[in-house]
Structure formats: structure tokens, C-alpha cells
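Contents: one structure, followed by commentary.
The values are calculated or read from the model by the stated rules, or taken from the named source; none is laboratory data. Fair warning: this is a prediction, and the values are worked out from it, not measured in the lab. Backbone-built Cβ (ideal geometry, glycine too); neighbour counts: all protein chains shown. The accessibility values were calculated without ligands, DNA or RNA, using every heavy atom of the protein model including side chains. Shrake-Rupley method; radii C 1.70, N 1.55, O 1.52, S 1.80 Å.
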Amino acid sequence: MSDTVLARLAALKTTPTPDLKRQWRDLFETEPPPYNRRFLESRLAYRIQELAYGGLKPETIERLEALGEQLDGGNFILRRTRSEEKPISGTRLIREWQGVEHCVTVRDYDYEYQGRPYKSLSAVARAITGTRWNGWVFFGLKNQRGRA
């Protein structure tokens, strides 16, 4: 990676949010989405590298599109629909609680927290807090009003 690209990527962490949004407009030629700062930083980092070194190879894009069609038969509405199922196995959910960072790994049939299996995210949240919680809400996968 060139020094210029590395410097631009490093600067994203300390750049004020209004400046990140200005960079978004410059790099994507659209208005920035109303998402959090972390999203803006990650997408800007990808775009900076994409412009400097090129995007995905055409073969990779074709392969990804073929995989998408295998999953949803080419139905773009279905492709954009959010799944109500649990996150993909291997996903790490991180939550700070009372100044301590807690990490849970999603597995095929359960969740792992501190080396122990749990049947639900609610069980993990209870182990962390000592009180009953909706695990999806506790880990930020669902808001408190019940919408995903």
C-alpha cells in the first residue's frame, strides 16, 4: 500500500463526521447515508483503496452474482429482505457492559461465551448482566420496539 493511501486511511479515525460526509460526497458522488460513523469510515476506507488499486475483478463479481442467484433465484426483493434468522456462524458479537467488553461467537446451533456454550443470546445476556434481557436487543441486533 502506498504511503498516501495509508495516511488517508489512518486519518479517517480522527476526521470529524461532517468532513467524513464531505469525503463521501466527493468519493461516491451521492449524499452520505444516515448510518453511524463506523459505517462511514469502513465504506470510505474501502472506496479509497478501490480508487487507488482498482475494484473487484470481473470474474469475482460474476461469481458473487452467481452465488446470490443460487440463494434467491435472482429475486432482488428477496435479496434485500432482512433475515430474521440468527447471524451467520462465526460472527462475533461484541458488547460493552459496565466498562467491560464481552465477546460472543455465533455457532451453528448455539452461542459461545467465555468458552461455554449457551442456547440463546438471552442466556448470554443474563450471564453478563445477572438480569433477564432480550438477547437480540442487548447485542444490538434488534431495537427495543421489536423492529429488526
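Structure summary
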{"quantity": "Using a Förster distance of 25 Å, the FRET efficiency for Thr30-Leu6 (Cβ separation, nearest 0.05)", "calculated": "0.45"}
{"quantity": "Listed values [x] 29.0; [y] 18.7; [z] 16.8, entry calculated as Kirkwood radius over Cα pairs in Å", "calculated": "[y]"}
{"quantity": "Solvent-accessible area per residue for the chain (1.4 angstrom probe, square angstrom)", "calculated": "75 Å²"}
{"quantity": "J(HN,Hα) series, the stretch 38-44, from Karplus relation 6.51 cos²θ - 1.76 cosθ + 1.60, nearest Hz, glycine and proline x", "calculated": "4, 4, 4, 4, 5, 5, 5"}
{"quantity": "Alpha-carbon centroids, the stretch 108-135 and the stretch 6-52: separation in whole Å", "calculated": "35 Å"}
